[in-house]
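The values are calculated or read from the model by the stated rules, or taken from the named source; none is laboratory data. Because the structure is a prediction, the values reported are computed rather than measured. Note that each Cβ is placed from the backbone with ideal geometry, even for glycine, and that neighbours are counted across all protein chains shown.
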């Protein structure tokens with residue numbers, strides 16, 4: 001069942017120097033339970049597309065539906081959680097307090113907030129850190145707390161805008177593993193923006209390759225890799241072949257610009 005559907009979506013930003021065509025004729029269907037990565041060169045519109053799905057940007061052409069609604073109605077219905085590039089945690093609130101904040105705004109009771117916070121802290125392996133403050137945690141742990149906050153109200157869709165891009169490779173590998181386990185455990189639909197070919201190949205059931213601006217989908221690649229993916233799967237011929245296919249699709253997208 002399709003939970004995100006884009007039909008001929010375009011988006012143009014007006015600027016003092018003239019219009020900027022960020023997206024052009026994007027057609028995409030994301031099925032329930034998919035893990036879809038968006039990859040492409042800087043400025044190709046992948047974050048703009050994710051923000052459009054989240055009602056943070058408004059397309060100027062075409063149609064876009066999220067969980068059977070327009071994006072703004074989906075936002076009001078709490079159909080998705082959103083994880084930004086930076087954790088965005090309030091330094092004066094504890095980790096538990098940061099995670100509970102959207103639940104408090106939504107009107108959840110104190111007891112239900114506590115139950116949900118405990119559950120998502122366990123999901124992201126931060127049990128025992130709820131009373132710590134963001135500055136007491138490493139960058140990777142802060143990003144896990146940010147993911148927990150997005151999971152707290154149990155939306156079916158999780159949108160992630162390059163959440164691990166600023167982390168070192170060792171921490172990034174660990175969080176990639178943790179995210180894949182979380183996805184398998186929860187069955188959520190995930191849209192994930194990345195610049196990393198290995199990250200996209202390791203995480204995804206489908207990889208959406210985008211061309212330079214105006215952002216278009218140049219190719220959608222289905223992954224043949226099994227759902228169970230230890231990190232050393234990256235050394236297998238199947239993984240290497242898929243990474244090569246993504247790299248070639250990126251080159252072809254540049255060639256069509």
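Structural remarks
- Residue that is farthest from residue 134 (Cα to Cα) [pool: residues in segment 102-113 that are in contact with a helix residue (DSSP H, G or I) (Cβ under 8 Å, 6 or more places away or on another chain) and surrounded by fewer than 16 Cβ atoms within 10 Å (Cβ to Cβ)]: 112
- Scan of segment 203-227 for residues that are in contact (Cβ under 8 Å) with a residue 24 or more places away in the chain and exposed (fewer than 14 other Cβ atoms within 10 Å of the Cβ), ordered by number: 227
- Candidates 93, 119 - the one that is surrounded by fewer than 16 Cβ atoms within 10 Å (Cβ to Cβ) and either farther than 13 Å from residue 148 by Cβ or in the same structural domain as residue 188 (by TED's automatic domain parsing) (or both): 93
- Picking from residues in segment 51-64 that are out of contact with any helix residue (DSSP H, G or I) (no Cβ under 8 Å at 6 or more places or on another chain) and touching a residue at least 40 places away in the same chain (Cβ under 8 Å), the one that is surrounded by the most Cβ atoms within 10 Å (Cβ to Cβ) is 51.
- Residue count for segment 22-35, restricted to those that are farther than 14 Å from residue 206 by Cα and surrounded by 15 or more Cβ atoms within 10 Å (Cβ to Cβ): 5
- Here the condition is being assigned by TED's automatic domain parsing to the domain that holds residue 109, assigned to a helix (DSSP H, G or I) and crowded, with 16+ Cβ neighbours inside 10 Å; of 148, 200, 249, it holds for 148 alone.
- Hey, residue 37 in a strand (DSSP E or B) and within 17 Å of the chain's Cα centre (by Cα) or not: yes
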